[in-house]
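Colleague: Pasting in a structure now, in structure tokens, and then I'll have a few things to ask.
The values are calculated or read from the model by the stated rules, or taken from the named source; none is laboratory data. For clarity, every value in this text was computed on a predicted model and none was experimentally measured. As a convention, Cβ positions derive from the backbone with ideal geometry for all residues, glycine included, and neighbour counts pool all protein chains shown. Ligands, DNA and RNA are excluded from the accessible area calculation, which covers all protein heavy atoms including side chains. Shrake-Rupley method; radii C 1.70, N 1.55, O 1.52, S 1.80 Å.
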Amino acid sequence: MQPMGHSIEERNAAINAIVELVVTGKLGLGQESLTYEQELAESTVTEIEVIRRACAVMIRDGLMGQRPGVGVWIWPVSVEELGQCLTLRSRIDVPAAVSLVASLEIGKKVEAVEHVYRKFLLAATSNEWNVDRFIHGDALFHARIAAEGGYPTGAEIIETWGRKCRILFARIDCHEEITRLHMEIAALNDEIFRLLKAGDMSVAKSSEAYLESWRHLLNHEVSAFLKTAKLEVRET
């Protein structure tokens, strides 16, 4: 079983490395920025087979487009698309947190969550804080809650949310609003972790408040910046 787990780790690392290329401006968005798996392997210093598995997942999750025999590209992400992902998350975050609290192995599960939470806390409060690191840490924290709460598919959905969110917020003109509101989200994450550790069922209410903060950010803040954004229409 270990080799399979290790291969999943490698695949996810490759996906995040590809997203990093977008965030740092080394890889553009849309079909005009078509690239090749070999180029991605070289740019991320990753074995080609791992890149192929990563691309397959990204295509499945709507992060990447493909022209068979030609190449691949990263799709732009719209506020509407991210909002749909957030709606899906609302069916995952709250029940997963409640399930974790109700677990007979809550101590062990919270320890696993704490390891990821500490990394998020560092990303949220470090002097080297930045939007991308914050979003990435936030998504990993909630993905681990989902996984430990018995929602492995939900954990994958939350990780996909995080990747799409990173792509959307790679736009500099989105940074101001999330910078202004990131401490509110960080505080809610701190409360969620505290309640998980205490085995307190009111974690459901805090999880709902956390989702509402993201919903407000997308619906009322970021959308104002992106009204005139020209996003490529995806082929179906």
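Colleague: Using a 1.4 angstrom probe, figure out how much accessible area the range 28-133 has per residue, in square angstrom, rounded to the nearest whole.
Modeller: On a per-residue basis, 52 Å².
Colleague: Calculated from DSSP H runs of 4 or more alone, at -39500 (n - 2.57) each and per residue, what is the 222 nm mean residue ellipticity of the chain, nearest 500?
Modeller: Result for the chain: -22000 deg cm²/dmol, rounded to the nearest 500.
Colleague: What distance in nm lies between label points placed 7 Å from Cα along the C-beta direction at residue 153 and residue 47?
Modeller: Calculated label separation equals 3.0 nm.
Colleague: So if each residue of separation counts as 0.36 nm, and I subtract the Cα-Cα distance between residue 70 and residue 122, what length gain in nm does that give?
Modeller: Here the segment from residue 70 to residue 122 would lengthen by 14.6 nm.
Colleague: In the range 99-206, how does Rg compare with the Kirkwood Rh, expressed as the Rg/Rh ratio over alpha carbon atoms?
Modeller: Across the range 99-206, the Cα-based Rg/Rh ratio is 0.98.
Colleague: Remind me, relative contact order of the chain in percent, using alpha carbon pairs under 8 angstrom and six or more residues apart?
Modeller: Relative contact order here is 22 percent.
Colleague: To continue, here is another question. Got a sec? What order do 151, 36, 117 fall in by accessible area at 1.4 Å, biggest, i.e. largest, first?
Modeller: Largest accessible area first, the residues go 36, 151, 117.
Colleague: Tell me, in nm to one decimal, what length is gained between residue 179 and residue 200 on full extension, where the rule is 0.36 nm per residue of separation less the Cα-Cα distance?
Modeller: Full extension of this stretch gives 4.6 nm more.
Colleague: Quantify, in whole percent, the carbon and sulfur part of the accessible surface of the chain (1.4 Å probe; protein heavy atoms only).
Modeller: The computed percentage sits at 54.
Colleague: A further question on this structure: Tell me the label-point distance for the pair residue 105, residue 215, using the 7 Å Cα-to-Cβ offset, in nm and rounded to one decimal.
Modeller: Between residue 105 and residue 215, the simple spin-label model gives 3.3 nm.
Colleague: Right, here's the next one. Considering Cα pairs under 8 angstrom that are at least six residues apart, work out the relative contact order of the range 1-101 and quote it in whole percent.
Modeller: Once normalised by length, the contact order is 27 percent.
Colleague: If you take the beta carbon distance between residue 81 and residue 112 as r and set R0 to 35 Å, what does 1/(1 + (r/R0)^6) give as a FRET efficiency, to the nearest 0.05?
Modeller: 0.70
Colleague: Say each of residue 91 and residue 31 gets a label point 7 Å from the Cα, pointing the same way as Cα to Cβ; how far apart are those two points in nm?
Modeller: Using points 7 Å along Cα→Cβ, the separation is 3.1 nm.
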